[in-house]
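Here the structure comes first, spelled out in structure tokens, and everything after it is commentary.
The values are calculated or read from the model by the stated rules, or taken from the named source; none is laboratory data. Nothing here was measured: the structure is a model prediction, and the numbers come from that model. Methodologically, a virtual Cβ is constructed for each residue, glycine included, from the backbone with ideal geometry; neighbour enumeration extends over all protein chains shown.
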């Protein structure tokens, strides 16, 4: 599998976070496939013999699957008494859910990525709220979801206000960290099996070792990337200032050559004379410029 992934994609398979993302994605895909097979069976469940003789279409079951494999699912799984009890228990648990979401099968974080690609700037909380409203209507799916969403947004705005006051920064320039957003959501939504934050999928969970909330997906390093990008931006600004300083010094040296003549050996920096109209400095000359010996 690893060879196939590297053949088709540029992935770092030495990164544990990458394997975690791959495993979660494969697990989700497998569960979706199983659900589709069971849904097909239930259409004929009233007559097991008809169900056995009617396998799912190839695009669902797989073109390489055999009728015998379908018979195995019907005989050993779908009609098994223990399996039936488990299905009924799961159905009862689903009835206890206070609200669902409108995001379909796409994971929570994928919806955020899609919003960013559209030029939006979603937070974890605003993304949750969007997924619990009817699309294109801006109407909450029910009162329970509305209560949760509004409470999280209220806590978010409160945290933002506190940050603005403590840093003496304008509110519009304040950003609540992803860590703090997830803590707000954990407090309101709770923690499910596997220390997952309820309703946020398998990639956002509470770390048991530090008892902190974290994202363990391809977006988990986003904050680090943003910090590195900021550092790169600062370095570029510093380089630009140095380039400007070097350009001015070269201009001074050329002026002195023109008006004073040849410079003394201890002042000549090895800079060749420049013709009128020549640029005083270019990116290609970085390695050739020396301000002293």
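Which one of these is surrounded by 11 or more Cβ atoms within 10 Å (Cβ to Cβ) and over 26 Å from residue 26 (Cα atoms): 113, 170, 146?
Answer to the selection: 146.
Here is a yes/no grid of residues against (1) at pLDDT 90 or above; (2) over 26 Å from residue 203 (Cα atoms); (3) assigned by TED's automatic domain parsing to the domain that holds residue 198:
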residue: 6; (1), (2), (3): no, no, no
residue: 36; (1), (2), (3): yes, no, no
residue: 50; (1), (2), (3): yes, yes, no
residue: 54; (1), (2), (3): yes, yes, no
residue: 74; (1), (2), (3): yes, yes, no
residue: 112; (1), (2), (3): no, no, yes
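In the stretch 162-182, what residues are farther than 19 Å from residue 146 by Cα and part of a helix (DSSP H, G or I)?
162, 163, 164, 165, 166, 167, 171, 172, 173, 178, 179, 180
Mind checking whether some residue in the stretch 207-224 is out of contact with any strand residue (DSSP E or B) (no Cβ under 8 Å at 6 or more places or on another chain), assigned to a helix (DSSP H, G or I), modelled with pLDDT under 70 and surrounded by fewer than 10 Cβ atoms within 10 Å (Cβ to Cβ)?
Yes, because at least one residue in the stretch 207-224 is out of contact with any strand residue (DSSP E or B) (no Cβ under 8 Å at 6 or more places or on another chain), assigned to a helix (DSSP H, G or I), modelled with pLDDT under 70 and surrounded by fewer than 10 Cβ atoms within 10 Å (Cβ to Cβ).
If the requirement is being loosely packed, with under 12 Cβ neighbours inside 10 Å, touching a helix residue (DSSP H, G or I) at 6+ places or on another chain (Cβ under 7 Å) and at pLDDT below 85, which of these qualifies: 98, 137? Please lay out each step first, then the result.
Values: 137 fails: touching a helix residue (DSSP H, G or I) at 6+ places or on another chain (Cβ under 7 Å).
Being loosely packed, with under 12 Cβ neighbours inside 10 Å, touching a helix residue (DSSP H, G or I) at 6+ places or on another chain (Cβ under 7 Å) and at pLDDT below 85 holds for just one of 98, 137, which is 98.
When you check residue 70 against the structure, is it surrounded by 12 or more Cβ atoms within 10 Å (Cβ to Cβ) and within 30 Å of residue 189 (Cβ to Cβ), yes or no? Steps first, please.
Numbers: surrounded by 12 or more Cβ atoms within 10 Å (Cβ to Cβ): yes; within 30 Å of residue 189 (Cβ to Cβ): no.
Spelling it out, it is not the case that residue 70 is surrounded by 12 or more Cβ atoms within 10 Å (Cβ to Cβ) and within 30 Å of residue 189 (Cβ to Cβ).
For the stretch 183-205, check the following and say yes or no: at least one residue is modelled with pLDDT under 85, surrounded by 20 or more Cβ atoms within 10 Å (Cβ to Cβ), more than 20 Å from residue 104 (Cβ to Cβ) and touching a helix residue (DSSP H, G or I) at 6+ places or on another chain (Cβ under 9 Å).
yes
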